[in-house]
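Every number here is computed from the coordinates shown, using simple stated rules; none is lab data. Predicted model, so just to flag it, every value in this text is computed and none were measured. Positions of Cβ are generated from backbone atoms using ideal geometry, with glycine treated the same way; all protein chains shown enter the neighbour counts.
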Amino acid sequence: MIVLSVESSCDETSVSIIKDGTNVLSNVVLSQIDIHKAFGGVVPEIASREHIKGITYVFEEALMKANINKHDIDLVAVTKGPGLIGSLLVGINGAKAFALSNNIPIIGVHHIAGHIYANAIKETFKFPLVCLVVSGGHTELILMKEHFSFEKLGETLDDAVGEAYDKVARTVGLGYPGGPLVDNLAQQGTPTYDMPDISLGDTYDFSFSGIKSHIINTVHNLAQRKEKLNVENLCASFQKTVTDVLLQKSLKAIEEYDAKMFLVAGGVAANKDLRRKITEQIKQVEVIIPDFSYCTDNAAMIGVAGYYQYQKYTLDESMGLSGKSRVELK
Ligand code: KG4
Ligand code: ZN
């Protein structure tokens, strides 16, 4: 079965072609990062306009690279949300036009289901599994007992972890997106700064707004006292606290739900310390972390998720674009 998938929820315009759920024939990603950098974050109106400029190109390029005829495509899968509405509309309309004109069924896929299923490119899922979702907009621990069943064990009560990374980066004067820049500086530093306790006790919920405010206050207080800030050490302190809490809650969930597999999903899965800690300290189950290229937004993950969603739900149930979808991950 060949799936053509489309992702345009934020600042990446992407089309991918996947064979039989795991074989990525092409995955073309047009990133707008260089354009948004100048503004210190994604500007929604600019993002929509850039998607419009790029969408036809990524369709053509993905088809050419996969070296297949469009009549061989069995299913179109498109990110239906969450995301920036103007950005989503470009991908959804592109996907609808392609599906309608070629008489191919189309389904809407939840963006986070896509991040989770990026892991299925590497390995077959074994249930029950626990997935740590860490992206720019989400921080969640999810329990899956079968394909396309998502039970939320806990989530952030305020900021997402990627959002906190981007804010910390901005506070210490780094560019956008901040996550990789903070991560790189953290590798050169030592965690010498005091950080607040962000464990929230025994729950599976997270909170990152407190540590974010703490970093802002630390930077401002040092500036007022005209004391020098060691940016590397501050990044290392922040990263240690954040990755420790992500690891601890993941370990607890793996144990409590007797998981057979542990997955990491979303842009922050690219974080070096998080990857290292997880591979070093989670030994009791099989651990899967997507390759770097599948951690941040891309259409391949939507194609893989779409493939499994289509196996489980009828087209009507799965459509989602019409608002009828039962496939929700709220
Ligand atoms: O999943 P994603 O591409 O977009 C959303 O769906 O939100 O995640 C983007 C987020 C950004 O906040 C970015 O700063 C963060 O992932 N990120 C990282 C790293 N690489 C990307 N955060 C920490 N360390 C990284 N190496
Ligand atoms: Zn994403």
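When its C-alpha radius of gyration is set against 2.2 N^0.38 Å (N residues), the chain gives a value of 1.01.
Among DSSP bridges having both ends in the chain, what percentage is antiparallel? Round to the nearest 5.
Bridges in the chain that DSSP calls antiparallel: roughly 55 percent.
Neighbour counts of C-beta atoms inside 10 Å place V287, V182, V304 in the sequence V287, V182, V304, starting with the fewest.
Taking label points 7 Å from Cα along the Cα-to-Cβ direction, E227 and Q281 give a separation of 2.8 nm. Taking amide H positions as modeled 1.01 Å from N, with prolines and chain starts lacking one, the residues under 5 Å from Y193 and 5 or more places away or on another chain are S237. With 0.36 nm allotted per residue and the present C-alpha distance subtracted, the K37-E256 stretch has 74.6 nm of extension available.
Cross-link reach is defined here as a Cα-Cα straight distance under 16 Å, omitting same-chain residues fewer than 8 places apart; for K19 the lysines meeting it are K65, K70, K122. With everything on Cα atoms, drop me the angle between helix 161-171 and the longest principal axis of the chain, reported from 0 to 90° to the nearest 10. So the helix axis and the longest Cα principal axis differ by about 50 degrees.
Classify segment 1-142 from the C-alpha gyration tensor, please: rounded if a/c falls under 1.5, else prolate or oblate depending on whether a/b exceeds b/c. Judged from the Cα gyration tensor, segment 1-142 comes out oblate (a/c at least 1.5, b/c at or above a/b).
When only alpha carbons of segment 125-289 are considered, Rg and Dmax amount to 16.1, 56 Å. Of the trypsin sites (Lys or Arg not before Pro) found in segment 189-277, the ones in coil according to DSSP and having at most 15 other Cβ atoms within 10 Å of their Cβ are R225, K226, K228, K260. Assuming charge only on the beta carbon of Lys and Arg (+1) and of Asp and Glu (-1), the dipole of segment 71-177 about its Cα centre is about 120 debye to the nearest 20. Remark: relative contact order (the chain) = 24 percent; criterion is Cα-Cα distance under 8 angstrom and separation of 6 or more residues.
For segment 84-219, give me the percentage of DSSP beta bridges that are antiparallel, rounded to the nearest 5 percent.
Percent antiparallel among DSSP bridges in segment 84-219 is about 90.
Counting only residues at least eight positions apart within a chain, or on another chain, the lysines with an alpha carbon under 26 Å from that of K228 are K167, K212, K240. Site pair F292 and R49 shows an inter-label distance of 3.2 nm when each label is modelled 7 Å from Cα along Cα→Cβ.
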